[in-house]
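Engineer: One structure, as structure tokens, below. Some questions next.
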Number of protein chains: 4
Amino acid sequence: MLLEDKKSKKQKNVRVRDIVIGGPEKVIISGPCSVEDYETMRKITSGLKKCGVQILRGGAFKPRTSPYDFQGLKHEGVKILHEVGKEFDMPIVTEIMDARDLESCAEHLDMIQVGSRNMYNYTLLKELGNYNIPILLKRGMSATLTEWLNAAEYIISSGNPDVVLCERGIRTFETYTRNTLDLNLVAAIKENYNIPIIVDPSHGTGRRELVGKMSLAGIVAGGDGVIIESHINPDKAISDAKQTISIENLSEIISNIKKIENLF
Amino acid sequence: MLLEDKKSKKQKNVRVRDIVIGGPEKVIISGPCSVEDYETMRKITSGLKKCGVQILRGGAFKPRTSPYDFQGLKHEGVKILHEVGKEFDMPIVTEIMDARDLESCAEHLDMIQVGSRNMYNYTLLKELGNYNIPILLKRGMSATLTEWLNAAEYIISSGNPDVVLCERGIRTFETYTRNTLDLNLVAAIKENYNIPIIVDPSHGTGRRELVGKMSLAGIVAGGDGVIIESHINPDKAISDAKQTISIENLSEIISNIKKIENLF
Amino acid sequence: MLLEDKKSKKQKNVRVRDIVIGGPEKVIISGPCSVEDYETMRKITSGLKKCGVQILRGGAFKPRTSPYDFQGLKHEGVKILHEVGKEFDMPIVTEIMDARDLESCAEHLDMIQVGSRNMYNYTLLKELGNYNIPILLKRGMSATLTEWLNAAEYIISSGNPDVVLCERGIRTFETYTRNTLDLNLVAAIKENYNIPIIVDPSHGTGRRELVGKMSLAGIVAGGDGVIIESHINPDKAISDAKQTISIENLSEIISNIKKIENLF
Amino acid sequence: MLLEDKKSKKQKNVRVRDIVIGGPEKVIISGPCSVEDYETMRKITSGLKKCGVQILRGGAFKPRTSPYDFQGLKHEGVKILHEVGKEFDMPIVTEIMDARDLESCAEHLDMIQVGSRNMYNYTLLKELGNYNIPILLKRGMSATLTEWLNAAEYIISSGNPDVVLCERGIRTFETYTRNTLDLNLVAAIKENYNIPIIVDPSHGTGRRELVGKMSLAGIVAGGDGVIIESHINPDKAISDAKQTISIENLSEIISNIKKIENLF
């Protein structure tokens, strides 16, 4: 059990095709909030590939607060992501919300994201235990460390050991930032538990101008990598524009991460 | 749309068999946290019926933090609840977590609860729109008013207009109580929106000795009723014992509610 | 010690001139956020007196977030409040923030308020222990039960036993209301501790239309009274206009409180 | 005004004797939570001096939750701190809580700390405006960015421009850590406002084993330095033992900070 694993501290890692999360190299996951169309996705991915992004992300099934907002391209989005990932030889990750979509989508994906809103969706978590595919498990908006580790345990105990956590900010009284990125728990998990963890400074801050500094902070706090929302035209991104950065900005962040990844 | 409905203020109500939620009479929903076995459920229900409880609750599918904890009697629990409800002529409500269980369970239930952990489970919410059965939609642990109303909107816009909200406390820094029961929002919803709302002082406080006072507070804040965890032997309840009250205590609370329900 | 007093449960009360806080009658404290000028204060007080308000409040020293905002009439405000209170034979309460102002102001006041921002100001709390005057101790914005009771203990252990708590809402992620009124703690304090407590639905909600319902909820949760911001012209109040109610509205709330104060 | 200063972004710094906070070199402030006695303070300081600590901290007036807990050595503590600082040629910083203590203590101090509990103590803040001494202004436990900058503005507008902010964690629902260190605001302040900021990973985490990683994270997020609780015998520290680290541990953290301070 994860929660009892404090003592061993053997560093577990999770492999997404040929990318190792939890090893000495920090992993960069990036892409747009939503997959918008094939051409835009291709252009973005071409840029990301050049600047060293290892895993491609893009939302196909979008959990939106209002039922009247854009809900994503769904299966069509998964198809676009799959094709573009294949063309540029990059593993892909996207969020799945419905246990019934797993069967049709899993074979096209290299990693499946469980979003914040579904961290407590035990139905989905148990179903993911039946798949042989790495899971990126985001922290719930107000989940405690114990609840988060137990959510991972739901997947692991159902048969799938390849779980990577993702800290994406919690809800607090502070409204200047969208969420409060809780790097304390990133440090705590690396110090005391045996599971890789990725940091999401895009949702964790909700502000484009803070993504660079908080990416670096996430890495030195112990993160095994970052997941960052990017776009060739951030201001026109169909969702989460305020927190989406340009490829140029991302490129600079990646080169800064390279400077520190092996320092400690 | 709920969020745009501020002006009309026509008081909508939802009917659960012959019980009206949102009308002049306050509705009492009660029962054990978990359905434990047929005999215990029968004894509890007999007591509840005598003291005026109108709708019977009992957990069959239990969303537990740890995958290693008791997960409920599942379909067997639904069956027990259904039989006991029939015997005592009481409508029943229980939580369903998996869209795939709806088909097999819906016909045995009079109302379906969406738990806190699933308020953002849009897959489940949309599926519930396909059923002709009232829904009790609990507030997520850190859901804002807007998000909560939008969750109801997911169900309503998918075809099922019979949604009742349930305030069950939010997460704050305070640890003396399990959650902080947010009666502000009960008052706000009655003042500004057109949807019935039930108050849950059991989860809202997590402490048996506070359930009585907070039930009354919930009613005068505008609640259309309360949902209270009760048991014939509260200390031996298989889950949530600390917040479960006895039938005697419940009986006293109900008679206090009767004293105030038509005062304002 | 307050924190060890759980068992005795003898109901302590505090006397403000001839008004008893903590007895069978619920106490109504009201007045404008800020003392604005003598004439306005006189007109407001005349209205309050007629509708049954027992203690007059009005801010003289205003703790404002920005140093450039109106800081209150200070000693001039205390003087106005004192004169108007005398004319209408009502005890008065106002906030003091500076231990050095106590000497000059205490003799003109019947009760001294410690505001939210100063609940942890141990210098001020200890100084108040030297005065023979009742204290209204507001809860800090994110103070736990233990910290709040200990703040009262600072005053009591310094020599002044006459402390009344005031719940005025805590900070949470919810932005629809200014604060989240935590009636759980009102119930908990009446159930387990031996100190009177007043509820402030004005700051606790920040919204005029919720003050009525939350006043009643505060009373049935166990509050010994309410403190409500009112004005003859609420929309023109110099501070906190959004949460200030009219004398007519207050009058209705008071008559509703009368209906329930002796029910339980 | 600080809040209107967004555009200029000229990097202000504050000088504490010959130490510059806000310049290219990151500043290390360290020492025990409480000044315990002369000999212990001397031994601790000797160790700190050797490992590169630039400013010595130590609590003399201790704001404790309970009035019955150790309240610090007060003036005697200031005297010890002053003497030890002089012997080792290190500027000293300590918390003052009472405006009336300023007169007697200010001349013995090189920097004055305003603690979390006093961030809203406008009486104290305005008084500090009359002194020609740098101020370390800790963030209130649930203070927003706007409130915190305004607290600094209270000091500055009263005549003292030398204010340094200190992020020390905020209150959230998470109980694994004592507070949640909010590095988002460190990044935001460096990005958008013109005032130096120090990070306190000791109070920000409450856990010794997280202090190292969170110190580094604080620096790359934009912090101008760190303030860390240390002791020659951490387990025997008279207060805050759980978050206090050894001189050896501190020495390692400092050398890690040196590796990154000029990287970006």
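The values are calculated or read from the model by the stated rules, or taken from the named source; none is laboratory data. For clarity, every value in this text was computed on a predicted model and none was experimentally measured. Ideal geometry is used to build each Cβ from the backbone, glycine not excepted, and the neighbour counts take in all protein chains shown.
Engineer: Could you tell me which numbered condition B:Glu248 fails, if it satisfies all but one of (1) assigned to a helix (DSSP H, G or I); (2) touching a helix residue (DSSP H, G or I) at 6+ places or on another chain (Cβ under 8 Å); (3) at pLDDT 95 or above?
Structural biologist: It is condition (2) that B:Glu248 fails.
Engineer: Continuing with this model, one more query. Taking the stated definitions as given, is D:Thr172 out of contact with any Cys (no Cβ under 8 Å at 6 or more places or on another chain), free of Cβ contacts under 8 Å to residues at least 12 places away in the same chain, under 29 Å from A:Glu209 (Cβ atoms) and buried (at least 24 other Cβ atoms within 10 Å of the Cβ)?
Structural biologist: Against the criterion (out of contact with any Cys (no Cβ under 8 Å at 6 or more places or on another chain), free of Cβ contacts under 8 Å to residues at least 12 places away in the same chain, under 29 Å from A:Glu209 (Cβ atoms) and buried (at least 24 other Cβ atoms within 10 Å of the Cβ)), D:Thr172 qualifies.
Engineer: Residue under question is C:Tyr120, and the condition is that it be in contact with a Ser or Thr (Cβ under 9 Å, 6 or more places away or on another chain), crowded, with 22+ Cβ neighbours inside 10 Å and not small (Gly, Ala, Ser); does it hold?
Structural biologist: Yes.
Engineer: What is the number of the single condition among (1) away from chain B (no Cβ under 14 Å); (2) under 25 Å from A:Val199 (Cα atoms); (3) over 18 Å from the mean Cα position of the chain (by Cα); (4) β-branched (Val, Ile, Thr) that A:Ile92 does not meet?
Structural biologist: Just one mismatch for A:Ile92, condition (3).
The rows are residues; the columns are (1) within 17 Å of B:Glu87 (Cβ to Cβ); (2) of a type in the set (Phe, Trp, Tyr); (3) in contact with a helix residue (DSSP H, G or I) (Cβ under 8 Å, 6 or more places away or on another chain).
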position	(1), (2), (3)
B:Gln11	no, no, no
B:Gly22	no, no, no
B:Glu25	no, no, no
B:Ser34	no, no, yes
B:Thr40	yes, no, no
B:Lys49	yes, no, no
B:Leu56	yes, no, yes
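Engineer: Out of segment B:185-194, which residues are in a loop (DSSP other than H, G, I, E, B) and either surrounded by 24 or more Cβ atoms within 10 Å (Cβ to Cβ) or within 12 Å of chain C (Cβ to nearest Cβ) (or both)?
Structural biologist: Within segment B:185-194, just B:Tyr193 meets the criteria.
Engineer: Oh, and also: In segment A:236-264, which residues are away from every other protein chain (no Cβ under 14 Å) and either of a type in the set (Gly, Ala, Ser) or under 11 Å from A:Lys26 (Cβ atoms) (or both)?
Structural biologist: A:Ala237, A:Ser239, A:Ala241, A:Ser246, A:Ser251
Engineer: Now a separate question. For the list (1) part of a loop (DSSP other than H, G, I, E, B); (2) within 12 Å of chain B (Cβ to nearest Cβ); (3) surrounded by fewer than 24 Cβ atoms within 10 Å (Cβ to Cβ), I need the number of the one condition that A:Ile156 fails.
Structural biologist: (1)
Engineer: Looking at A:Leu145, A:Leu149, A:Leu124, which is the one that is touching a helix residue (DSSP H, G or I) at 6+ places or on another chain (Cβ under 9 Å), under 17 Å from D:Asn179 (Cα atoms) and at pLDDT 95 or above?
Structural biologist: Result of the check over A:Leu145, A:Leu149, A:Leu124: A:Leu145.
Engineer: Please go through segment A:159-171 and give me each residue that is among the hydrophobic types (A, V, I, L, M, F, W, C) and more than 8 Å from every other protein chain (Cβ to nearest Cβ), ordered by number.
Structural biologist: Scanning segment A:159-171 gives A:Val163, A:Val164, A:Leu165, A:Cys166.
Engineer: Does segment A:152-201 hold any residues that are in contact with a Gly (Cβ under 9 Å, 6 or more places away or on another chain) and of a type in the set (Gly, Ala, Ser), and which are they?
Structural biologist: Those that are in contact with a Gly (Cβ under 9 Å, 6 or more places away or on another chain) and of a type in the set (Gly, Ala, Ser): A:Ser157, A:Ser158, A:Gly159, A:Gly169, A:Ala187, A:Ala188.
Engineer: Report, by residue number, each residue of segment A:127-142 that is closer than 29 Å to D:Thr172 by Cβ, outside any helix (DSSP H, G or I) and in contact with a helix residue (DSSP H, G or I) (Cβ under 7 Å, 6 or more places away or on another chain).
Structural biologist: If the condition is that a residue be closer than 29 Å to D:Thr172 by Cβ, outside any helix (DSSP H, G or I) and in contact with a helix residue (DSSP H, G or I) (Cβ under 7 Å, 6 or more places away or on another chain), then A:Ile135, A:Leu137, A:Lys138, A:Arg139, A:Gly140, A:Met141 are the ones that fit.
Engineer: Which number in (1) under 21 Å from C:Asp240 (Cα atoms); (2) facing chain B (nearest Cβ under 10 Å); (3) in a helix (DSSP H, G or I) marks the one condition that C:Tyr176 misses?
Structural biologist: (3)
Engineer: Here is a follow-up. Answer yes if at least one residue in segment D:199-210 is buried (at least 24 other Cβ atoms within 10 Å of the Cβ) and of a type in the set (Gly, Ala, Ser), and no otherwise.
Structural biologist: Scanning segment D:199-210, I find at least one residue that is buried (at least 24 other Cβ atoms within 10 Å of the Cβ) and of a type in the set (Gly, Ala, Ser), so the answer is yes.
Engineer: Another one. Can you name the residue in segment D:71-105 that is buried (at least 16 other Cβ atoms within 10 Å of the Cβ) and among the small types (Gly, Ala, Ser) and is also nearest to C:Tyr154 (Cα to Cα) among such residues?
Structural biologist: Looking at residues that are buried (at least 16 other Cβ atoms within 10 Å of the Cβ) and among the small types (Gly, Ala, Ser), I get D:Gly72.
Engineer: Can you name every residue in segment D:128-140 that is surrounded by fewer than 23 Cβ atoms within 10 Å (Cβ to Cβ) and not aromatic (Phe, Trp, Tyr)?
Structural biologist: Residues satisfying the conditions are D:Gly129, D:Asn130, D:Asn132, D:Ile133.
Engineer: When segment B:107-153 is examined, which residues are found to be without any contact (Cβ under 8 Å) to a residue 24 or more places away in the chain and more than 8 Å from every other protein chain (Cβ to nearest Cβ)?
Structural biologist: Result: B:Glu107, single match.
Engineer: Can you pull out the residues in segment C:218-245 that are touching a strand residue (DSSP E or B) at 6+ places or on another chain (Cβ under 9 Å) and either part of a loop (DSSP other than H, G, I, E, B) or basic (Lys, Arg) (or both)?
Structural biologist: Result: C:Ala221, C:Gly222, C:Gly223, C:Asp224, C:His231, C:Ala237, C:Ile238, C:Ser239, C:Asp240, C:Thr244.
Engineer: Next question, about the same structure. State all residues of segment D:188-223 that are within 18 Å of D:Val53 (Cβ to Cβ), out of contact with any Asp or Glu (no Cβ under 8 Å at 6 or more places or on another chain) and of a type in the set (A, V, I, L, M, F, W, C); if no residue qualifies, say none.
Structural biologist: D:Val211, D:Met214, D:Leu216 - these are the residues of segment D:188-223 that are within 18 Å of D:Val53 (Cβ to Cβ), out of contact with any Asp or Glu (no Cβ under 8 Å at 6 or more places or on another chain) and of a type in the set (A, V, I, L, M, F, W, C).
Engineer: Testing C:Ile227 on (1) of a type outside the set (Lys, Arg); (2) touching a Cys at 6+ places or on another chain (Cβ under 9 Å); (3) at the interface with chain B (Cβ under 9 Å from one of its Cβ atoms), one condition comes back false. Which one is that?
Structural biologist: Among (1) of a type outside the set (Lys, Arg); (2) touching a Cys at 6+ places or on another chain (Cβ under 9 Å); (3) at the interface with chain B (Cβ under 9 Å from one of its Cβ atoms), C:Ile227 violates only (3).
Engineer: Looking at segment A:97-106, which of the residues that are aliphatic (A, V, I, L, M) and facing another protein chain (nearest Cβ under 10 Å) is farthest from A:Asp200 (Cα to Cα)?
Structural biologist: A:Ala99
Engineer: Taking the condition of being among the hydroxyl-bearing types (Ser, Thr, Tyr) and closer than 22 Å to A:Ile197 by Cβ, how many residues in segment A:1-58 meet it?
Structural biologist: 2
Engineer: Residue by residue through segment C:236-245, note down the ones that are at pLDDT below 95 and of a type in the set (Val, Ile, Thr).
Structural biologist: The answer is C:Ile238, and nothing else.
Engineer: May I ask you to list the residues in segment C:188-207 that are of a type in the set (Lys, Arg) and touching a residue at least 40 places away in the same chain (Cβ under 8 Å)?
Structural biologist: Passing the criteria: none in range.
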